[in-house]
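Here, each number is a calculation from the coordinates, and none is a lab measurement. Owing to the predicted nature of the structure, the values given are computational and were not obtained by experimental measurement. Cβ placement follows ideal geometry from the backbone for every residue including glycine, while neighbour counts extend to all protein chains displayed.
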Amino acid sequence: MNAINVPTREEVSPANQVIFDSLKKSLGMVPNLYATFAHSEHALASYLAFQNARSSITGKAREVVNLVVSQVNGCEYCLAAHTMLGKMQGFSDAQIVEIRRGGASFDAKLDALARLSRNIVESRGHADQALVQAFFAAGWTKANLVDTIVVIGDKTVSNYLHATTLVPVDFPAAPRLD
């Protein structure tokens, strides 16, 4: 299967052109996956609003969820992007690999988050209640649980978009796991 084209600024709606300009200013580029959302007049703005909504799962914790979900869903694009972002959050290469495998032995709280996130994705939301209890025992709250599920949803949307469209990855590839 061939990838669908990545639209250029000139090929998208005026509203998406404004978003492209903002992305280029803030990121230095318009990532191909974001550009692909712009095939729809509304999807890019809706997705960015969803992705950037306030959450109790931020920083390193958010990258844990993003890496775990992208690994389970086999999304090369998001693994590449979030490997880079994980490094920017201070994770080492070895820690990123461990997170992608669904754990974080170097931090008990992040480990509970990684384990639960992996289980939620693999079980399609039918979480192992022992992992939910371990999540709470590690210091996470009910609000954190709800926000984790929202982050899983956010990352699943982008994983599915890439899996369906096969747009080219424009970040350095994440290492393959054995």
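Put in order of Cβ neighbour count within 10 Å, fewest first, the listed residues Phe20, Phe50 become Phe50, Phe20. Remark on the stretch 130-178: ratio of C-alpha radius of gyration to 2.2 N^0.38 Å is 1.61.
Here is the list for the stretch 1-106: trypsin sites (Lys or Arg not before Pro) lying in DSSP coil, each with at most 12 other C-beta atoms within 10 angstrom of its C-beta, are Arg54. When its C-alpha radius of gyration is set against 2.2 N^0.38 Å (N residues), the stretch 30-93 gives a value of 1.18.
Computed from the Kirkwood radius of its Cα pairs, the Stokes-Einstein diffusion coefficient for the stretch 9-51 at 4 °C and 1.567 mPa s stands at 129 µm²/s.
Among the listed pairs Lys60/Lys87; Lys25/Lys60; Lys109/Lys155; Lys25/Lys87, a Cα-Cα separation exceeding 18 Å is found for Lys25/Lys60; Lys109/Lys155; Lys25/Lys87. Against the chain, whose longest principal axis is taken from its Cα atoms, helix 76-88 shows a tilt of about 70°.
Over the chain, DSSP H runs of length four or greater, each weighted -39,500 (n - 2.57), average out per residue to a 222 nm ellipticity of -19500 deg cm²/dmol. Sorted from greatest to least, the principal axis extents spanned by the alpha carbons of the chain come out as 51, 34, 30 Å. Taking each residue as 0.36 nm, the span from Ser22 to Glu122 lengthens on full extension beyond its C-alpha to C-alpha distance by 32.5 nm. Rounded to the nearest 20, the Cβ-based charge dipole of the chain about its Cα centre (Lys and Arg +1, Asp and Glu -1) stands at 340 debye. By other beta-carbon atoms within 10 Å, ranking Tyr77, Tyr47 with the fewest at the front produces Tyr47, Tyr77. Charges on Cβ only, +1 for Lys and Arg, -1 for Asp and Glu, centred on the Cα centroid of the chain; of Leu161, Asn5, Leu145, which one is farthest towards the dipole's positive end? Most positive-ward Cα: Leu145. Per-residue Cβ neighbour counts within 10 Å put His162, His126, His82, His42 in the sequence His126, His42, His162, His82, beginning with the fewest.
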